[in-house]
1. Once you have the Kirkwood Rh of the stretch B:62-264 from its Cα pairs, apply Stokes-Einstein at 37 °C and 0.692 mPa s and quote D in µm²/s.
2. Note down the net charge around B:Leu3, summing +1 for each Lys or Arg and -1 for each Asp or Glu among other residues with Cβ under 14 Å from its Cβ.
3. Local charge sum around A:His12 (other residues, Cβ-Cβ under 14 Å, Lys/Arg +1, Asp/Glu -1)?
4. What is the percent of Cα-Cα separations in the stretch B:262-344 that go past 22 Å?
5. Expected output is a single nm value to one decimal: the length gained when fully extending between A:Asp65 and A:Ala30, i.e. 0.36 nm times separation in residues minus the C-alpha distance. What is it?
6. Mind listing the phi-derived Karplus ³J(HN,Hα) values for the stretch A:97-111, rounded to whole Hz, using 6.51, -1.76 and 1.60 with θ = phi - 60°, and x for any glycine or proline?
7. Can you compute the FRET efficiency between B:Glu238 and B:Ala100 using 1/(1 + (r/R0)^6), with r the Cβ-Cβ distance and R0 = 22 Å? Round to the nearest 0.05.
8. Give me the orientation-averaged projected area of the Cα convex hull of the stretch B:127-229, in nm², one decimal.
Amino acid sequence: MIQLHNITKTYHRGKLPTPVLLGIDLKMEAGEFLSIMGPSGSGKSTLLHILGLLDRPSGGSYRLDGSEVSSISDDDLARLRNAKLGFVFQAFHLLPRANALANVLLPFTYAGQFPPDAQERARQALSRVGLEHRLHHRPGEMSGGECQRVALARALVNDPEVILADEPTGNLDQRSSLEVMSLLQGLNAEGRTILLVTHDNAVGCMARRVLRLVYGRVCSDEKVANPTQALQQLATLPPPGVQG
Amino acid sequence: MSLTWRLLKAAFTSLWAFRSYALLMMIGLIIGIASLTVIHQIGQGTRQRVLSMMESMGFGSDAFFVSGGGGRLGVRRGMKRTMTITPADAEAVSRLDGVAQVVPHKNVTRTQVSAGARHTNTRVRGATPEWAAARRWGVARGRFLNVQDERRRARVVVLGTTVARELFAGMDPLGRRIRIGRTPFNVVGVLESKGSSGWRDRDDMVLIPLATAMTRMSRDDKLSGMRTNLEDPGRREEIKQEVTELLRRHHKLGPGVPDDFLIITPEELTQLITSQSRALVAMLSFISVVSLFVSGVVIMNIMLVAVSERSYEIGVRRAVGARRRDIMYQVLIESLAVSAAGGVCGLALGLLLSGLATLLLDVPTAFSPTGFIWALSFSCLVGLLFGLAPARKAASLDPVEALR
């Protein structure tokens, strides 16, 4: 489904070009759950941006669903992001003045035409992340974990093939992190492909495959024999409100 | 369309959420549009007031005025014209099909009039008995000039109230004798007071029979002009043309020779009277446009800052599939919403202010559709024009950068 061959990325910001990715090869099948890990500066976010079609590689080939996407037009990239990908960010990035429902509806705005059942689908996505009671709350009126679940619903609503999550638990407490991770694991169990960037080992080990980057190169690419089940971890936590 | 509607709704929602901030942002625009509106309201009001004054003088859309002397319509006050219209012309025009009535008059030069030791300088006009009805100007005391006066070239006079006051100072002028120049006249009536027309005192005048003016008070046999009333206002242009041809024929004007007379409609006269205020309107409009331009620059700057502050929102929109042009469109819609809202506020303020001006200062104002259209189209133009730079900036943001 995803095939990267010798992907490089060099930024030209300062006087000297800064190479970030030095030739990444990656092959992913539909339904995989991959976490990309590495120390900061290893290029994991850049790789995710390229995989998420937010950025173009400087060199190499990227085939998504069999077609080359490393050099297609901006508009085509936008169309593919809208149709095939869903994003979750560390800082949630919800629109502050829109309620949960309106935030989840956002991808439909750019889908060419607004589907007639958009509202219904947005409600379903929100209840999928357990927020059916928060439809009309604004981000400011919800906890961080709830905000991230709204963001997850937004990533889900267009029924994308791949969900890309960039440090989705970075701003969350342990319970909220586990909730978000259990949702991602659940989605993966339903067959959705998931790409996760994290520097947290505990989170990374909840994926079924871990790609480790160091200085722009793949250092290891391993299957996780027994991924940690977030739901089980959640059960071991003391009930909310109790200081443990 | 759905996207536009959604973006407009979102733009107005956030405008409302930041209404005090937005008000500051739009204040220049509001003031500019308000003053533009007030200016147009006053211009329109003045025009309507002059026009209704002419209607009150019976000079409506079913009439025009033929005066002697040709050339362009200039400032008529104190200007001498060569008189060219003869009583025979008036007679011929009155027989044209569609002409209801021709009311000729002759102005004698401003003359000294005296009663005993008191004297004043006033306009002396020769008029026919129909003049009073045609001008809708009745007498307050005594009678108006009649057919016998005209036939006998009688030395009788009807006084305007200003002249009556100057000469008789509260005493009853009826039956008294005054001198116009050296010629003695009997006072038979006093006109109703009409007050000022805005540029001259309409009561500062005396009326004598036209025949008397033509024979006793003047050496030429030319009329100053004739009011021509029509049966059907719809045929005015056509009859104007016929009158022109008739007068050119009578005056033996060859082809290429300019008219030696002038036909004026109430609308043209209104334009002439309001031309000074129109120059003022043009100047103030210009100032408003400059202030609108400045307010556009203010809006542009604030929008540019807002684009930087909302870069992550732009990043998110790009991530979920917005194209560059979608972002550009959104920012343009937002600046359009700001400027349209400012335009509507300015228009409301302008209507309020011109209403107050009428109420408190008796400034004539009237709803001006052109002012309305100018206000709204100008504010939208400002929004589009000055939204362009922020829109381009927003569209050119790199999604990865925007999300950082």
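1. 185 µm²/s
2. Net local charge, B:Leu3 excluded: +3.
3. Taking every Cβ under 14 Å from that of A:His12, the sum is +1.
4. Values: 1822 of 3403 pairs.
In whole percent, the long-distance tail amounts to 54.
5. 11.7 nm
6. 9, 9, 6, 4, 4, 5, 4, 6, 6, 3, x, 5, 4, 10, 8
7. On the way: r = 15 Å, r/R0 = 0.66.
So, using R0 = 22 Å, E works out to roughly 0.90.
8. Details: hull surface 28.0 nm².
Averaged projected area of the stretch B:127-229's Cα convex hull equals 7.0 nm².
Since every read-out is calculated from the coordinates, none of them should be taken as a lab result. Since the structure is predicted, the reported quantities are computational estimates derived from the model, not experimental observations. Reconstructed Cβ throughout: ideal geometry from the backbone, glycine too, with neighbour counts over all protein chains shown.
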